[in-house]
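Report on the following structure.
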């Protein structure tokens with residue numbers, strides 16, 4: 001790609017969105033370095049396609065989708081490479097700036113529930129964007145969110161969750 005026109009806009013968008021993407025992916029993967037790698041790859045792809053990405057109404061949703069797909073690909077590769085279970089990396093917890101106790105409970109959710117919670121409340125994607133990103137129906141997203149909220153309420157207490165909103 002030719003550098004120049006639009007670079008400043010890309011840099012500003014990257015500076016605004018990258019930390020949120022890393023935080024979201026770190027919560028999803030429970031692995032900070034994998035989240036950083038996937039985010040870097042997603043923004044490299046965004047930069048290579050900047051004229052198209054720049055005009056997107058929901059470019060943050062696009063970059064989250066690309067990063068999540070990269071994270072999944074990396075996870076599949078690593079699963080083939082490593083047979084022994086690996087300990088969960090909790091280095092990402094400081095990224096959960098709002099409430100580490102809440103995000104530690106989110107990290108303990110089943111994978112699909114964790115994904116919809118993070119994409120909804122950290123990445124701020126709509127249910128439709130989440131459905132498209134995960135390749136499921138909007139109803140599935142709503143059901144997963146509802147179940148995740150109930151699980152979190154049971155783990156943390158209903159009053160606790162109300163104070164987080």
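Tabulated results
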{"quantity": "Helices (runs of 4 or more DSSP H) lying entirely in region 95-149 (those with 3 or more residues that are closer than 18 Å to residue 31 by Cβ and touching a helix residue (DSSP H, G or I) at 6+ places or on another chain (Cβ under 7 Å))", "calculated": "100-107, 111-121"}
{"quantity": "Verdict on residue 17 being buried (at least 19 other Cβ atoms within 10 Å of the Cβ), touching a helix residue (DSSP H, G or I) at 6+ places or on another chain (Cβ under 9 Å), in a helix (DSSP H, G or I) and at pLDDT 90 or above", "calculated": "yes"}
{"quantity": "Index of the failed condition, residue 56 passing every other in (1) touching a helix residue (DSSP H, G or I) at 6+ places or on another chain (Cβ under 6 Å); (2) in a helix (DSSP H, G or I)", "calculated": "(2)"}
{"quantity": "The one condition in (1) exposed (fewer than 13 other Cβ atoms within 10 Å of the Cβ); (2) over 15 Å from the mean Cα position of the chain (by Cα); (3) at pLDDT below 90 that residue 100 fails to fulfil", "calculated": "(1)"}
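The values are calculated or read from the model by the stated rules, or taken from the named source; none is laboratory data. Note that this is a predicted model, so its numbers are computed, not measured. Note: ideal-geometry Cβ built from the backbone for every residue, glycine included; neighbour counts use all protein chains shown.
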